[in-house]
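All of the numbers you see were taken from the coordinates with simple rules; none came from a lab. Note that the structure is predicted; figures quoted are calculated from it, not measured. Here Cβ is always computed from backbone atoms with ideal geometry, including for glycine, and neighbour counts include all displayed protein chains.
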Amino acid sequence: MHIQTETEWQEEMAAKIIDFVRREIYVELRFLRLALFELTPKTDGNLRAFATDGRYLYLSPEWLIGIFKKNSPYLNRALLHTVLHCIFSHLWIGGKRERGLWNLACDIAVEYTIDGLSVSCTKRILSWQRIHFYGKLRESRQGISAAVIYRMLTGLASEELAALKKEFYTDDHCYWPNEKDGQARQEQAAASQKRWNQLARQARLEQKKRGGEPEEGEELFFAQARAEQSQRSYRDFLQRFSVFREELHADPEEFDLNYYTYGLRLYGSLPLIEPLETREVKKIREFAVAVDTSYSTSGGLVERFLKETFSVLTQKNSFFQESEIHVIQCDNQVRRDDVVRNEGDIERLMAQFTVTGGGGTDFRPVFSYLEEQMEQGALKNLGGLLYFTDGKGIYPKKRPGYKTAFLFLEDYDETAVPPWAIRLQLSQEEFFVPGETEK
């Protein structure tokens, strides 16, 4: 007969407590049914709060049991807090933002949402500090996303930041992915983010199935989810412009190298199995990068945007053997078109790059220009157009024959953008490293 150890008992009790807490929340927030049960509990004895990487819910059983005995309602709020970080994609959209400030911004965004939901299982009396900061958020009229809160925090004194961290700290972010992770972990992080995006959409469907309009707190929750998920990193977004094409290249996964070399040894120049000479690869072919050079778009941001774009495109194996990227500057007319075909061209362009233009914004000339280039044969296989802009301009009505994405600086008028256009809202933090200021 097996005698249960103290550790085994603690883990068993921890599992029962987590199940109890999940069901407490589910009773009042039924649209979160799948999300609440997504994270798999995993022991980390060093923690004194919940933590997650998008796959596991890390916890210390000893800590969990102690909190449950003293203040079990606190665990409802703490678990929901961690789950909302995942639904809002906070783990994966920090980019180059300063980690400490980003953590605080995400905590405030989640706590604001939970306080707005106002359900009995997570309700708490608001402190003066929360009431004051929430008031400032509403007064800003910029929406309540972690990115907006982050920008507000950058202007605060260290003493005020320390007080906010103490007020809003709920869970540990030590397992959140970062840009220094290896490829395997980055791939896992991408898969986790995709899964949580699905769960966020499922939550919305669950709410709609219930019927009726969402309550005020629920509407805040869904608005938060939409706002945060739109903040995908630019690097991830650029992958949507990758295209499949065959290149002359032996595919090592399609033949056994041992048989191949054995044939060469046995027969001289005759391998036993000839390797496939082509493989399908996902890379950039030929596309245009248009830059809005009206007065409202700063030169510093334009340069940073181009550098970030080129850094992605010039990563190992990004280019085909023959590639062509048109860097088009345009305000109310096309001012310049620089063509780059290799890394050397990019380096020369960036060394002498200057913003040309400064008039009003009209997006139509770029589309007309590209159409002319295709008719003349200068562009034969255009993979897509990226248009970097503040969004304040005249859009074309006709859908072009290639993918088009408008990359917006901060807020933009959603109703003005043509329905066929892909869109991504960027923030300055995407292109400026911590501690650096715009030119």
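May I ask you to derive the relative contact order of region 6-214, considering only C-alpha pairs under 8 Å and at least 6 residues apart, and to give it as an integer percent? In percent, rounded to a whole number, it is 29. Oblate is the label for region 33-138. Its Cα gyration tensor axes, ordered a ≥ b ≥ c, give a/c of at least 1.5 and b/c at or above a/b. Each principal axis of the Cα cloud of region 6-214 was taken in turn, and the coordinate range along them, longest first, works out to 48, 45, 35 Å. Spatially close Lys pairs in region 6-214, defined by Cα atoms under 21 Å apart and a spacing of eight or more places or different chains, total 15.
Once the Cβ-Cβ distance of Cys174 and Glu414 is raised to the sixth power relative to R0 = 35 Å, the FRET efficiency obtained is 0.45.
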